[in-house]
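Derivation of every value follows stated rules applied to the coordinates shown; laboratory data play no part. Small disclaimer: the values here were computed from a predicted structure and weren't measured. Ideal geometry is used to build each Cβ from the backbone, glycine not excepted, and the neighbour counts take in all protein chains shown.
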Amino acid sequence: MCGRFTLTQTSEAIANHFRLSEVPDLPPRYNIAPTQPVAAIVLNQEQRQLRHFYWGLIPSWAKDPKIGARMVNARSETVSEKPAFRTAFKRRRCLIVTDGFYEWKKVGKQKQPFYFCRSDYPAGGTTSHRHPFAFAGLWEHWQSSEGDTIDSCTILTTEASDLMESIHNRMPVILDEPDYDCWLSPTSKPDLLQALLRPHSAQGMERYPVSSQVNRSANDSPDCIQLAEPLSISETQV
């Protein structure tokens with residue numbers, strides 16, 4: 001799954017990577033959590049556009065928007081079949097902008113958080129060395145009977161890569177830059193889209209342990225991504 005991620009890049013770096021003509025100033029985010037706003041790219045009249053969505057997809061037919069808190073991830077294996085996601089999969093795909101994400105491994109009675117990012121970013125280094133990338137996402141438009149509207153999104157997940165499998169059995173779908181156009185295009189065939197929903201190669205990615213500060217969504221500082229000493233079994237049994 002994917003329950004926390006980061007976006008610390010400058011607007012210029014995001015614009016360059018995703019070929020955007022305009023990107024608003026974005027404050028660095030070191031601990032993005034479900035139900036918070038996330039930056040995503042959609043296709044608008046054949047032009048890429050950056051928008052913000054509520055993280056947790058709310059199906060258009062939902063009576064209560066609180067359902068979105070349970071829809072932060074969608075399994076890629078069944079996304080074309082599940083009622084909550086199948087229409088968005090056909091018509092409303094997006095690139096969710098990120099530069100790293102977290103996952104937790106059980107160590108004794110506790111959980112050790114790990115940070116995953118591009119390997120061109122040295123562990124514990126400065127975020128200026130890092131490059132953005134994209135999760136495969138879906139978005140949806142919801143409107144209440146009173147006329148209130150919410151645009152929301154979900155992150156697709158797939159089986160774990162070699163880098164991930166010892167930590168967790170699922171991971172977010174990471175799209176390679178040459179596949180962005182295919183994912184966003186309204187004319188892409190379902191079989192082409194499904195082919196993109198695969199575990200990302202461990203090559204070009206790395207992981208390292210970070211502190212438990214990331215466990216609290218209120219903590220949103222560079223400390224969340226700093227290299228930390230991993231927990232040991234003896235520590236967790238105390």
Q. What is the count of Lys pairs in the stretch 5-236 whose alpha carbons sit under 24 Å apart, if the two are 8 or more places apart or on different chains?
A. 7
Q) Between A74 and residues 5 or more places away or on another chain, which pairs have amide H atoms under 5 Å apart, with H built 1.01 Å from N, and which residues are they? A) I155, L156, T157
Q: Please arrange D25, D162, D151 by counting, for each residue, the other beta carbons lying within 10 Å of its beta carbon, fewest first.
A: D25, D162, D151
Q: Work out, step by step, the length gained on full extension between D64 and T10: first 0.36 nm times the residue separation, then minus their alpha carbon distance; give nm to one decimal.
A: 15.9 nm
Q.
I need to check one value: relative contact order of the chain, counting alpha carbon pairs closer than 8 Å and at least 6 residues apart, in percent.
A. 23
Q: Under a 10 Å cutoff between Cα atoms, tell me which one of A74, A84, A195 has the largest fluctuation in the Gaussian network model of the chain.
A: A195
Q.
Pick from T158, T187, T35 the residue whose mean-square fluctuation is largest in a GNM of the chain, springs joining Cα atoms under 10 Å.
A. T187
Q) Once the principal axes of the Cα atoms of the chain are found, what is the range along each, listed largest first in whole angstroms? A) 53, 37, 35
**Q.** Helix-only CD estimate at 222 nm, as mean residue ellipticity for the chain, using -39500 (n - 2.57) per DSSP H run (n ≥ 4)
**A.** -3000 deg cm²/dmol
Q: With θ set to phi - 60°, apply the Karplus curve 6.51 cos²θ - 1.76 cosθ + 1.60 along the stretch 16-22 and write out the HN-Hα couplings as whole Hz, x wherever there is a Gly or Pro.
A: 5, 5, 9, 6, 9, 7, 8
(Q) Between R19 and R75, how high is the FRET efficiency from 1/(1 + (r/R0)^6) when r is the Cβ-Cβ distance and R₀ = 35 Å? Nearest 0.05. (A) 0.75
Q. Where Rh denotes the Kirkwood radius from the mean inverse Cα pair distance, what is Rg over Rh for the stretch 137-238?
A. 1.08
Q) Could the peptides 103-110, 53-60 be put in order, highest first, of the mean number of other beta-carbon atoms found within 10 Å of their residues? A) 53-60, 103-110
Q | Summed side-chain charge close to N31 - residues other than N31 whose Cβ falls under 14 Å, Lys, Arg +1, Asp, Glu -1 | A | -1
Q: Convert each backbone phi in the stretch 82-98 into a coupling constant with the Karplus relation 6.51 cos²θ - 1.76 cosθ + 1.60 (shift: θ = phi - 60°), then list the ³J(HN,Hα) values in order as whole Hz, x for Gly and Pro.
A: 5, x, 5, 10, 5, 5, 5, 4, 6, 10, 9, 9, 9, 9, 8, 7, 8
Q: Return the single residue from L26, L156, L175 with maximal mean-square fluctuation; model: Gaussian network over the chain, springs between Cα atoms under 10 Å.
A: L26
(Q) At 0.36 nm per residue, and after removing the present C-alpha to C-alpha distance, how many nm does the segment from E159 to T87 gain when stretched out fully? (A) 23.6 nm
Q: Using amide H atoms built 1.01 Å from N in the peptide plane, name the residues 5+ places from M205, or on other chains, whose amide H lies under 5 Å from its own.
A: S119
Q: Tell me which residues come under 5 Å, amide H to amide H, from G100 once H is placed; ignore anything under 5 positions away on its chain.
A: T6
